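In what follows, a single structure is set out as structure tokens and then discussed.
The values are calculated or read from the model by the stated rules, or taken from the named source; none is laboratory data. Keep in mind it's a predicted model, so treat the numbers as computed, not measured. Counting neighbours? That spans all protein chains shown, and the Cβs are built from the backbone with ideal geometry, glycine included.
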Amino acid sequence: MLRYSKERLEDEKSISALYSRVQQELESRKQLYEIYRRKLTDEELASETDENIKVPIERYISIMSAGYFGGKAPTYKVKAFNEDRNKIIEELFNKTTNTEQDIKEIEELITHIVDYNDDASHFLYMVLDFLVKRACYEIYYKDKVTNEIRITKSDALETVAIWDYSTEKNLIGIYRVIQTVMANGEYQQMVELTTANGKRYYYDTPEKRKLFGTPEYKQKYKDEPLFKENKKEAKPKLWDDDIPATAIENEDGLAIFEPIISLGKAYEQVIQNSRNTFKYNDEAILKVTGYEPENPMIIKDKNGNDMINPARIKEDEYVLTSKVRYLSGSKDVNSDIAWVEKNVNDSALQNHKKTLMDIICLCSFCPNMTDLGFTQADNNSALEKKFFSLQQYIATFEGEFKKGLTRRWEIILNKFNKDKGKHYDFRDIQIELHRNIPQDEASRTDMALKLRGLLCDETVINMLPQNLDATSELAKMDIQNQENIEKNIENMQKMRTRCK
């Protein structure tokens, strides 16, 4: 986590001073991302040999954990209007809460923005960035063409947050390092700094960058900073007095698979050793006792140098391919022909691999999907127990995600308050994060129906696993009930006519 002075942040010297620390963090994230990707190089793809087996355990852990926590989009609700609560808040804090009309408008606003920005996919990739790259960032801006609020993910491989020195840290800047290719083929680095004052852009030069941090740099450029601001590109603030961004960084500075990297390598080595043993047996040496070859192995060539005898090669091929071979033994030597093989204790090998995998899953908090517990889990409760350890790990940072999403709606609602003269209070938004786990839909449906009469119909519909739109369904039910009433009235009138 980078902390800096808010007053000095936008200075060219500060940008250059922060660059080394930012690059150090970004390089660490890139290394973690490469471990997660496990992508082969072009040479490895084209190679005919495969001496190093790669088991993408880190990718499995990351995808499983991200899918469990971020596989379902967050849901947002606004607290219902409460007149008594409103009076208390107004009396104690001299401010009013959201009115019933405000609540309806906030709900529609959130639904519109979430649908437009595909919040489900966006949230999943934010979680994946957090677990793999140790941080995730999102940027907000208003599209000038469509006039829509856009929520975009800023890649953690090029973005670092800057915080102030206060006890409860506050975001004061988003520092992005972007590489651009120049006309001569060399690349130039640009720093985009986003603060409450707007955006500023700083550029380096290849000549400075090559010498940066060396005695030659000080001698040639003295105290001149590495980056120079292009003031023509600067953009003014558009989002009141806050930064239109959210940063969620891992407090421990650990990717989810980072503690088990050495265990993963040990697991790969066990598989590689097993593979080498079986490969050796597939290409085993033939041992022949009680037989003297007719041709010597080594002979001299025309220049007097040693060479393998072609006749001996043919003789060995005959021994290997012939179905029957007669050997002559003696009293001292028993004739024998057999393959020289390595004995493999497969049970011990499998137990060792299982032990390694158990420790990997234990230290990464991610359950092993090949475990018998999953194949024998016949209800939702059993599955939840298997994910208990992962649930405990997620609890350590779940609050940070709720805090980040709360900040998102605070910034967006304040934007509408400023532009449209509204008085929305973001604190009435309730954020619920879900777990993506197979559900027993029949049990959930039964439970929801049992609560009918105790809870309002809208709450009951929201509890159903079919993900129905409660507002739409209730409106349809009203129309259906009205149509049924009209039909009943018509039938009663017909009955009266017949009776007369």
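Scanning segment 53-90 for residues that are in contact with a Gly (Cβ under 8 Å, 6 or more places away or on another chain) and charged (D, E, K, R) yields a single hit, 58. For segment 124-171, the set of residues classified as of a type outside the set (D, E, K, R), part of a strand (DSSP E or B) and in contact with a Ser or Thr (Cβ under 6 Å, 6 or more places away or on another chain) consists of 137, 139, listed by residue number.
Here's the yes/no breakdown for (1) under 15 Å from residue 154 (Cα atoms); (2) assigned by TED's automatic domain parsing to the domain that holds residue 402; (3) free of Cβ contacts under 8 Å to residues at least 12 places away in the same chain:
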site	(1), (2), (3)
93	no, yes, yes
100	no, yes, no
106	no, yes, no
110	no, yes, no
115	no, yes, yes
118	no, yes, yes
122	yes, yes, no
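The residues of segment 111-138 that are within 19 Å of residue 1 (Cβ to Cβ) and over 10 Å from the mean Cα position of the chain (by Cα), listed by number, are 137, 138. Any chance you could count how many residues in segment 230-253 are within 19 Å of residue 159 (Cβ to Cβ), modelled with pLDDT under 95 and in contact with a Phe, Trp or Tyr (Cβ under 6 Å, 6 or more places away or on another chain)? Number satisfying all stated conditions: 2. Restricting segment 1-16 to residues that are in contact (Cβ under 8 Å) with a residue 12 or more places away in the chain and outside any loop (DSSP other than H, G, I, E, B), which is nearest to residue 208 (Cα to Cα)? Restricting to residues being in contact (Cβ under 8 Å) with a residue 12 or more places away in the chain and outside any loop (DSSP other than H, G, I, E, B), the top hit is 16. When the residues of segment 459-500 are filtered to those that are on the phi < 0 side of the Ramachandran plot and not in a helix (DSSP H, G or I), which remaining residue is surrounded by the fewest Cβ atoms within 10 Å (Cβ to Cβ)? Across segment 459-500, the extreme among qualifying residues is 500.
Note on segment 172-192: residues that are assigned to a strand (DSSP E or B), surrounded by fewer than 16 Cβ atoms within 10 Å (Cβ to Cβ) and among the small types (Gly, Ala, Ser) amount to 0.
For segment 13-52, a residue qualifies if it is modelled with pLDDT of 85 or more and of a type in the set (A, V, I, L, M, F, W, C), and the qualifying residues are 15, 17, 18, 22, 26, 32, 35. When residue 207 is tested against the conditions (1) outside any strand (DSSP E or B); (2) in contact (Cβ under 8 Å) with a residue 60 or more places away in the chain, the lone failure is (2).
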